[in-house]
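Okay, structure first, notes after.
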Amino acid sequence: MEPDLHELLRSLRVWDPAVTDLPPLDPDAAPAEPLPLFARWLAEAAVAGQAEPHTMSLATADAEGLPDVRIVMLHGADEKGWSFATHAHSRKGGHLAGRPYAALAFYWPVLGRQVRVRGPVGVAPAEEAQADLHARSTGALAAALTGRQSEVLASPEELAHASEAAWQQARRAPDTPAPSWTLYRLRPDEVEFFQGNSDRRHIRLRYRRGPEAWTRDLLWP
Ligand SMILES: Cc1cc2nc3c(=O)[nH]c(=O)nc-3n(C[C@H](O)[C@H](O)[C@H](O)COP(=O)(O)O)c2cc1C
């Protein structure tokens with residue numbers, strides 16, 4: 001018998017002190033800019049054993065403004081922005097071409113932390129995208145070379161065939177370009193850090209980019 005979905009949902013917990021470590025966040029001690037705090041939180045998530053802490057939800061919107069979201073990997077975060085890579089012809093690539101603005105969300109449940117980032121998205125030069133790809137694993141190149149992301153797939157065999165050819169190519173020539181593979185950079189207008197608290201007095205610290213400097217606000221949880 002299938003388990004009852006709603007019973008299961010009612011039995012599940014977040015911010016359970018038995019499994020989640022909830023460190024304090026002192027807003028007065030937070031840095032003037034969001035990047036150093038993000039770098040620290042990512043490192044702390046990795047050290048705390050958070051699986052795949054460098055994965056994030058990427059939200060985009062289509063021409064009508066209808067949203068979509070999916071997981072991608074973070075490739076870097078510096079003064080140029082938070083970067084990720086994908087195919088320009090994928091659904092998200094089409095969204096970003098028409099409406100170059102996106103939002104990211106990281107969730108690191110082992111520390112009860114969430115980070116939200118939103119801002120305009122630019123495309124890095126093609127050489128940077130290819131260099132970034134070639135510095136990654138053979139599997140990453142094979143996946144990029146398999147191509148046709150977000151198109152309808154006729155059969156699993158079709159994928160197996162294309163993927164096998166892509167793996168062979170990636171092993172034989174690790175510098176093969178994947179022309180549609182694109183590196184995007186989101187330059188944040190806003191970054192919000194959420195620290196969960198077992199008494200539900202969660203701390204939300206929002207940074208907003210100003211003309212000269214970032215402003216910081218606390219938000220009601
Ligand atoms: C853990 C994880 C990491 C992923 N990383 C990427 C990525 O870095 N780039 C990418 O194009 N797709 C990545 N994907 C696949 C995307 O979630 C998505 O299925 C794909 O990009 C197609 O999305 P779209 O049709 O909205 O364009 C990842 C999926 C998972 C579950």
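Laboratory data are not the source of any read-out in this text; all were calculated from the coordinates shown. The model shown is predicted, which means the values in this text are computed figures rather than measured ones. Please note: Cβ atoms are built from the backbone with ideal geometry, for glycine as well, and neighbour counts cover all protein chains shown.
Some notes on this structure:
- Qualifying residue in the stretch 47-63 (condition: more than 11 Å from the ligand (Cβ to nearest atom), surrounded by fewer than 18 Cβ atoms within 10 Å (Cβ to Cβ) and not hydrophobic (A, V, I, L, M, F, W, C)): yes
- For the stretch 66-89, the set of residues classified as within 10 Å of the ligand (Cβ to nearest atom) and more than 23 Å from P177 (Cβ to Cβ) consists of D68, V69, R70, I71, listed by residue number.
- Residue selected from the stretch 17-56 under the condition in contact with a Phe, Trp or Tyr (Cβ under 9 Å, 6 or more places away or on another chain) and polar (S, T, N, Q), by the criterion nearest to V72 (Cα to Cα): T55
- Some residue of the stretch 98-114 being over 30 Å from D16 (Cα atoms) and basic (K, R): yes
- Here L74, L96, L145 are screened, and the one residue that is surrounded by 17 or more Cβ atoms within 10 Å (Cβ to Cβ) and closer than 30 Å to G196 by Cβ is L74.
- Leading residue by the ranking (nearest to V19 (Cα to Cα)) among those in the stretch 162-221 that are in contact with a strand residue (DSSP E or B) (Cβ under 9 Å, 6 or more places away or on another chain) and aliphatic (A, V, I, L, M): I203
- Those residues of the stretch 90-112 which are more than 8 Å from the ligand (Cβ to nearest atom) and either part of a strand (DSSP E or B) or within 14 Å of the chain's Cα centre (by Cα) (or both), in sequence order: Y101, A102, A103, L104, A105, F106, Y107, W108
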